[in-house]
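The values are calculated or read from the model by the stated rules, or taken from the named source; none is laboratory data. In this text, all values refer to a predicted model and were calculated from it rather than measured experimentally. Heads up, the Cβs are rebuilt from the backbone with ideal geometry, glycines too, and the neighbour counts pull from every protein chain shown.
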Amino acid sequence: MSQRVLDVNGLQGGYGPIQVLHGLDFHVAEGEVVVILGANGAGKTTTLRAVSGMIETSGSIELYGDQIVGRNPADIVRQGVAHVPQGRGTFPELSVEDNLRIGAYTRSDNEVESDMEKWYEAYPVLYERRTQAAGSLSGGEQQMLAVSRALMSRPRLLLLDEPSLGLAPLIVADLFQRFGELNKETGVTMLVVEQNAQLALGIADRGYLLESGSIVFEGAADALMNDDAIRKSYLGI
Amino acid sequence: MELFIQRLFDGLTNGSTYALIAVALVLIFKATTLINFAQGEFAMLGAFLVLVGSTEWFGGGIPMWVAVVVAMLLTAVMAAGVERVLIRPFDPSDHLPLVIITLGLFLAINALAGIIWRFDPRSFPELFPSGTAFTVAGARLSWYGVFSLGTALLVMTGLTLMLNRTKVGLAFRAVSSNLESSQLVGIRTGPTLQFGWAIAAAVGTLAASVFVADPIRQLEPTVMGRVLIFAAAAAALGGLDSIWGALVGGLSIGLVQSLLVQYIGFIPSDMALATAVVVLLLVLLVRPAGLFGTKAVERV
């Protein structure tokens, strides 16, 4: 079995007095795509925010064996976690190019420019619009920009929060296909939270089902896809 | 004609100071959508440090321009401390407490300066060569005016380069644009905002020093109170988050003030302050985002 990138045990967290996560256990292994499914309010976003240090948490989150609970987001980024938040989190007033450059903020090597070239090649629309304000891009383009920006930090773990949100179905299908390719080509480990179970499971190795802040089901992507209860509740088939 | 050109020159000269204080307000507004009401008082404090430094430190005082640089550094450090102790602990999205804090700072710094240096006006040493630089149709532009404008242009250029060409500038623009995403790309947002406060204070100190270096003015603790009103109007006119908007706004307010007082007979010169308020009102009514503002003032 390959090395665990992320190992989460008894994770609790929330906002002020409101506890959202009630002791989650999950893990992500090297090179895997893991998806956490769940309805609105199940705690998917909160889970990712806990991993990247954006909220108060307790329990254990190990990144390559290092305990990261209690660290601030800036340090967790430096340990190799890149988080694309819900709503994409681009810098709308900054140019596309500056958005990519800020993604490499924590790096001090001299390959930043060549990495930018790489993403421009992968997504030519970003190159065409490199001097435009990121806020002027379409939703799908912004999602590609947000993912490219996250990858500019050369992360060991990529967190994606509902990448399908607010995008047209065709664009979402294309997006997930690209995520799958990205994982195969670069080997980047991904933890994705999604409501669109079918598409997410299509690129995932394994999945977890989150309900009211607790994990109620876990298994291989195929197993989730074929489970009757999940098919009814989340796949609508 | 001579009088008109003279008024233009006067307006541009005053406008340079308004522009410099306006750009200090803009730097803090960009990052926090907060108007720092104490900006003018930081600047006044800086000007006193220049005065004391150049006349008293080390016996006979240190050279004028060295005193300016030292005062800029000292007020930058002080503003960084204020940001850390009085601003950062509070919720950045709740503006009212922060506004009250900056108002409190306004009063506190003013009183502090009064206690240390008294409220008697003091003459300020010459910063620029005196005399007339050139004459156009009988109207004189002083060297003081030339250097005031030059300082404003230089500061705006320097700030633009810093924001657009350096890593810390990029981080500052990122924090201004999206605080949460800034944390997610690894920017230490607290120190980045603190850097903005420090730069704003340093620019303010330079602005106040240039302002009171005019031979017709003297330095006293209340000297920047009026300037802050003009500067706030200038910043609003320029769009509150635009560096060059602050320059255009500052010069425009300077011109409006000097021309209105000259040509509209019923405005007594003491009412000049009201012109700034009128401009502010018109901007807020007609074009709330200002001339060069990139977005509405209210954020969601």
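Structure above, values below:
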quantity: Unique residue being touching a residue at least 24 places away in the same chain (Cβ under 8 Å) and within 19 Å of B:V248 (Cα to Cα) when the list is B:R84, B:R7, B:R88; calculated: B:R7
quantity: Residue satisfying all of: in region B:26-46; among the aliphatic types (A, V, I, L, M) and closer than 15 Å to B:T75 by Cβ; farthest from the chain's Cα centre (by Cα) among these; calculated: B:L45
quantity: Options A:V77, A:V20; residue that is in a strand (DSSP E or B), in contact (Cβ under 8 Å) with a residue 40 or more places away in the chain and out of contact with any Asp or Glu (no Cβ under 8 Å at 6 or more places or on another chain); calculated: A:V20
quantity: Residue under evaluation A:A104, criteria (1) more than 14 Å from every other protein chain (Cβ to nearest Cβ); (2) surrounded by 20 or more Cβ atoms within 10 Å (Cβ to Cβ), criterion not met; calculated: (1)
quantity: Complete set of residues in region A:50-67 that are surrounded by 20 or more Cβ atoms within 10 Å (Cβ to Cβ) and not in a strand (DSSP E or B); calculated: A:A50, A:V51, A:S52, A:G53, A:M54
quantity: Out of B:L103, B:L86, sole residue that is hydrophobic (A, V, I, L, M, F, W, C) and surrounded by fewer than 14 Cβ atoms within 10 Å (Cβ to Cβ); calculated: B:L103
quantity: Region A:38-65 residues that are free of Cβ contacts under 8 Å to residues at least 40 places away in the same chain, paired with ones that are among the β-branched types (V, I, T) and outside any strand (DSSP E or B) (beta carbon under 6 Å, 6 or more apart); calculated: A:R49/A:I55; A:G53/A:I76
quantity: Condition met for A:E162 (modelled with pLDDT of 90 or more and either hydroxyl-bearing (S, T, Y) or surrounded by 15 or more Cβ atoms within 10 Å (Cβ to Cβ) (or both)); calculated: yes
quantity: Residue list for region A:4-54, filter: within 14 Å of another protein chain (Cβ to nearest Cβ) and aromatic (F, W, Y); calculated: A:Y15
quantity: When residues of region A:134-143 are limited to those that are closer than 12 Å to A:G87 by Cα and away from chain B (no Cβ under 14 Å), the one surrounded by the fewest Cβ atoms within 10 Å (Cβ to Cβ); calculated: A:G139
quantity: Members of region B:119-156 found to be within 30 Å of B:T189 (Cβ to Cβ) and exposed (fewer than 13 other Cβ atoms within 10 Å of the Cβ), listed by number; calculated: B:L154
quantity: Only one of B:Q39, B:Q6 that is more than 19 Å from B:V69 (Cβ to Cβ) and touching a strand residue (DSSP E or B) at 6+ places or on another chain (Cβ under 6 Å); calculated: B:Q6
quantity: Per-region count, region A:69-97, residues hydrophobic (A, V, I, L, M, F, W, C), in contact with a Gly (Cβ under 7 Å, 6 or more places away or on another chain) and either surrounded by fewer than 18 Cβ atoms within 10 Å (Cβ to Cβ) or more than 10 Å from chain B (Cβ to nearest Cβ) (or both); calculated: 1
quantity: Residue check for A:E117: more than 9 Å from every other protein chain (Cβ to nearest Cβ), within 17 Å of the chain's Cα centre (by Cα) and either acidic (D, E) or surrounded by fewer than 23 Cβ atoms within 10 Å (Cβ to Cβ) (or both); calculated: no
quantity: Elements of type helices (runs of 4 or more DSSP H) in region B:139-201, at least 2 residues being more than 21 Å from B:F90 (Cα to Cα) and within 14 Å of chain A (Cβ to nearest Cβ); calculated: B:143-165, B:167-177
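To keep it simple, each residue is scored yes or no on (1) more than 14 Å from the chain's Cα centre (by Cα); (2) basic (K, R); (3) surrounded by fewer than 16 Cβ atoms within 10 Å (Cβ to Cβ).
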| site | (1), (2), (3) |
| --- | --- |
| A:G14 | yes, no, no |
| A:L24 | yes, no, no |
| A:V34 | no, no, no |
| A:N40 | yes, no, yes |
